[in-house]
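The structure under discussion appears below in the form of structure tokens.
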Amino acid sequence: TEIQQCAFSGAGLTSITIPNSVTTIGTDAFSRNNITTITLGSSVSSIGAGAFAGNLNLSAYIASGNSHFSTLNGVLFNTNKTTLIAYPPAAGATYTVPNTVTTIGGGAFQGLTNLTSITLPNSVTTLGDNAFAETSSLTSITLPNSLTTIGQTVFASSGFSSITIPDSVTTAGFGFLQTNRNLTSVTWGSGLTYIPTCTFQNSGGLATFTIPNTVTEIQQCAFSGAGLTSIT
């Protein structure tokens with residue numbers, strides 16, 4: 001009934017069949033394999049973050065007969081399509097998120113080295129942990145003014161050079177911009193009154209940064225290894 005965390009991570013699988021007895025698939029359970037299609041059994045009701053991340057040849061999720069999940073053009077959502085759970089890497093390098101979506105799930109686009117463009121609608125309020133981590137070809141991103149919450153390491157090791165944090169954002173997690181080698185420009189919104197732990201750690205291209213007057217706290221290692229030459 002349960003496939004636990006990292007159970008088959010990096011196992012070299014090219015195909016899997018998930019039986020109807022399985023109800024839970026853990027975090028990273030099938031990550032970093034060579035699976036091309038994933039069909040969920042009818043009883044699966046819980047999928048951990050990044051359960052299928054790193055399957056670069058994966059073209060589609062299939063959830064027919066499952067009442068807990070739905071798919072649209074091979075992309076995996078919850079039933080009413082308010083949460084985007086996972087995007088199959090082989091589905092394409094560009095994607096426009098449907099305007100029903102309020103949450104980008106943890107690890108939803110993680111490790112998609114071919115992703116070049118993503119359009120987020122003005123309905124999205126939450127980006128889950130690692131949602132866009134390791135997307136090295138993602139050269140730009142625009143965050144909507146509806147966004148309020150950014151999880152941990154959401155954009156770690158992404159490829160864009162600039163980002164604007166909207167004023168609507170009030171919560172952000174550990175290292176959400178860390179190890180962005182190309183990052184040179186950041187506009188910090190007034191709603192986020194602290195710079196989280198390890199936010200810019202090892203983002204060596206960030207030469208200058210101006211801390212807004214609205215920021216009252218700089219947490220540990222926020223700029224560690226950022227390569228700063230000037231900070232105001």
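The values are calculated or read from the model by the stated rules, or taken from the named source; none is laboratory data. Note that this is a predicted model, so its numbers are computed, not measured. Cβ sites come from the backbone with ideal geometry, for glycine too, and all protein chains shown count toward neighbours. Accessible surface areas use protein heavy atoms only, side chains included; no ligands, DNA or RNA. Shrake-Rupley method; radii C 1.70, N 1.55, O 1.52, S 1.80 Å.
Some observations on this one:
- With N counted as the residues of the chain, its alpha-carbon radius of gyration over 2.2 N^0.38 Å works out to 1.04.
- Segment 13-80: C-alpha pair distances exceeding 14 Å, %: 55
- Accessible surface of segment 1-72, 1.4 Å probe, proportion on carbon and sulfur as whole %: 47
- Between Ile62 and Leu228, the FRET efficiency estimated from the beta carbon spacing at R0 = 45 angstrom works out to 0.40.
- Percent accessible area from carbon and sulfur atoms, segment 186-232, protein chains only, probe 1.4 Å: 48
- With all protein chains in place and a 1.4 Å probe, the accessible surface of segment 94-167 carries 44 percent carbon and sulfur.
- Per residue accessible area of segment 74-229, 1.4 Å probe, in Å²: 37
- Derived from the Cα gyration tensor, the three semi-axes of the equivalent ellipsoid of segment 40-168 are 23, 17, 12 Å, largest first.
- As a length-normalised measure over Cα pairs under 8 Å and 6 or more apart, the relative contact order of the chain settles at 10 percent.
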